[in-house]
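Report on one structure; see the data block that follows.
The values are calculated or read from the model by the stated rules, or taken from the named source; none is laboratory data. Since the model is a prediction, treat every value here as computed from it, not as a measurement. Reconstructed Cβ throughout: ideal geometry from the backbone, glycine too, with neighbour counts over all protein chains shown. Surface areas here come from the heavy atoms of the whole protein model, side chains and all, with no ligands, DNA or RNA. Shrake-Rupley method; radii C 1.70, N 1.55, O 1.52, S 1.80 Å.
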Amino acid sequence: MRHEILDAPNFALLKLRFDGAGEQAVAESGALVAKSAAVTVQTSLRGGLIAAAKRSVLGGESLFQNTYTAGAAGDELWLAPAAEGDLKGRVLSAGESFFLQSGAYLAHHGPELVVDTRWGGVRGFFGGLGLFLLRISGPGTVFYGSYGALHEVEVGPGGYTADTGHVVAFTEGLEYRVRPFGGAKGLFFSGEGLVCDFSGRGSVFLQTRSPASLASFLHPYRPVKARGSSE
Amino acid sequence: MQFELRYQPAHTLAIVHLSPGEAIRAEASSMISMTSGLAVSTDGPLARGRGGLLRGMGRAMLGGESFFTNTFTAVGGAGHVTLAPALCGDLLVHDVRPGEDLLIQGSSYVAAPDTVTLDTQWQGMKGFFSGESLFFLRATGDGPVLLNAFGAIQTIDLDGELIVDTGHLVAFTSGIQYRVTTASPGLIASWLSGEGFVLSVTGKGRLYLQTRNPSEYGVAVGSSLPPREA
């Protein structure tokens with residue numbers, strides 16, 4: 001399978017080209033832009049109901065995934081994430097892992113690639129601001145999207161700290177710890193919420209905008225519910 | 001202190017490189033990431049050296065600035081902090097010099113070092129009638145100021161007069177005077193035009209405009225969202 005990323009970085013589009021009949025790619029439901037007519041689609045709860053529900057509830061990933069199967073060599077498939085922004089592919093060798101923030105997953109190929117939920121945080125305590133991670137294990141290629149640009153940082157010996165809402169992905173070999181920014185005072189007053197401290201060796205991928213910040217901006221502009229309304 | 005702007009103009013990220021001992025003060029919630037060695041302190045309205053409670057509250061409520069700011073200091077070695085606003089758009093760095101202040105529309109301010117002082121510029125009643133928050137932060141001193149724009153930035157070197165919509169105004173240098181006026185002659189025509197009150201800016205200096213208006217965007221998108229509790 002060959003892949004190409006078009007229209008980056010603001011409205012990135014993934015174009016896959018199959019090498020032969022029967023070759024497959026898996027994508028989050030809703031990601032389809034276009035496909036060759038001979039490509040067939042099968043919708044499934046991947047890994048069965050429990051695994052799918054766990055991925056969906058904990059990982060923020062969609063409950064259903066679509067498997068696209070090529071009818072012939074040269075068949076094409078175009079996929080796009082929901083938010084405006086960039087997308088990248090990560091080629092994983094056998095046994096290599098990659099961690100993706102909930103919702104950043106777009107698609108993958110490679111029959112042996114494993115997508116597993118790994119609960120990364122402190123959600124119960126801090127009200128949903130924790131870091132929800134999918135652990136992707138190779139061999140195979142995974143594609144992931146960002147809101148805004150994707151900014152890669154190599155973690156140095158001094159460590160690196162990032163706002164959890166902006167962490168999209170990171171490579172194996174990094175240790176991480178989620179904490180309130182600036183201590184208890186910081187959590188309530190700094191406006192930053194939770195941050196993730198990374199140590200070790202590897203790369204962190206950040207998105208330069210956050211969907212939650214956009215939602216906070218728009219919230220005051222929502223119409224106000226009428227008094228006594230049953231809705 | 002060096003500002004590096006990346007991914008311009010749609011989703012710009014500012015990387016502020018700090019040499020040992022340097023510090024940058026940034027709006028609450030504008031931090032995306034930082035090298036772990038930076039010392040962080042959160043200043044509220046009670047913080048010393050920022051004018052005390054009333055002036056801090058004044059800045060926050062009138063200026064559209066956040067109530068709290070975070071100061072990032074490079075202790076030990078060099079480091080960096082990355083900053084970005086909530087909405088899509090560009091960032092710019094303007095150097096404030098002694099004798100030439102910068103007036104900043106409140107929500108456009110992102111960060112500045114301690115060599116730059118920020119104060120709320122009270123607009124009096126003329127601001128009250130403009131319908132949009134017409135309170136400016138006045139940046140004085142000597143150093144860079146990081147500003148954000150919703151959309152792209154138009155830089156205008158003004159020598160004369162220009163009529164500007166308040167929602168598109170980012171900042172202007174202190175050689176420019178302004179007054180509130182109506183977009184069309186007469187109050188009713190002005191209201192019907194959808195432009196309401198606008199600013200007439202005159203003089204010689206630099207003016208920064210943003211190509212989108214945040215409150216127009218908020219109305220356009222927010223009105224189609226489900227109602228919220230009062």
**Residues of the range B:143-187: accessible area per residue with a 1.4 Å probe, Å²** = 41 Å²
**Prompt:** Where does each of A:64-72, A:37-45 land if you order them by average Cβ count within 10 Å, highest first?
**Reply:** A:64-72, A:37-45
**Message:** Give the average, rounded to an integer, of partner chain Cβ atoms located within 10 angstrom of each Cβ in A:213-225.
**Reply:** 6
**Prompt:** If you rank A:F205, B:F3 by how much accessible surface each has, with a 1.4 Å probe, what is the order from largest down?
**Reply:** B:F3, A:F205
**Message:** How far apart, in nanometres, would the label points at B:E216 and B:D159 be if each is projected 7 angstrom from Cα along the Cα-to-Cβ direction?
**Reply:** 3.0 nm
**Message:** Expected output is a single nm value to one decimal: the length gained when fully extending between A:E175 and A:F11, i.e. 0.36 nm times separation in residues minus the C-alpha distance. What is it?
**Reply:** 55.9 nm
**Asked** Computed on protein heavy atoms with a 1.4 Å probe, what is the summed buried accessible area for the chain pair B and A, in Å² to the nearest 100?
**Response** 3500 Å²
**Item:** 10 Å Cβ neighbours from other chains, averaged over peptide A:198-208
**Value:** 2
**Message:** How large is the accessible surface of B:I156 in square angstrom, using a 1.4 angstrom probe and rounding to the nearest 10?
**Reply:** 50 Å²
**Per-peptide average of other Cβ atoms within 10 Å, ordering B:143-154, A:9-20, A:209-220 highest first** = B:143-154, A:9-20, A:209-220
**Request:** From other protein chains only, count the Cβ atoms within 10 Å of every residue's Cβ in B:75-84, then give the mean.
**Result:** 3
**Gain upon complete extension [A:A73, A:A34; 0.36 nm per residue less C-alpha separation]** = 12.4 nm
**Request:** Indicate the residues belonging to the range A:133-164 that lose 50 Å² or more of solvent-accessible heavy-atom surface (probe 1.4 Å) upon moving from the chain alone to the assembly of all protein chains, ignoring ligands and nucleic acids.
**Result:** A:H151, A:Y160, A:T161
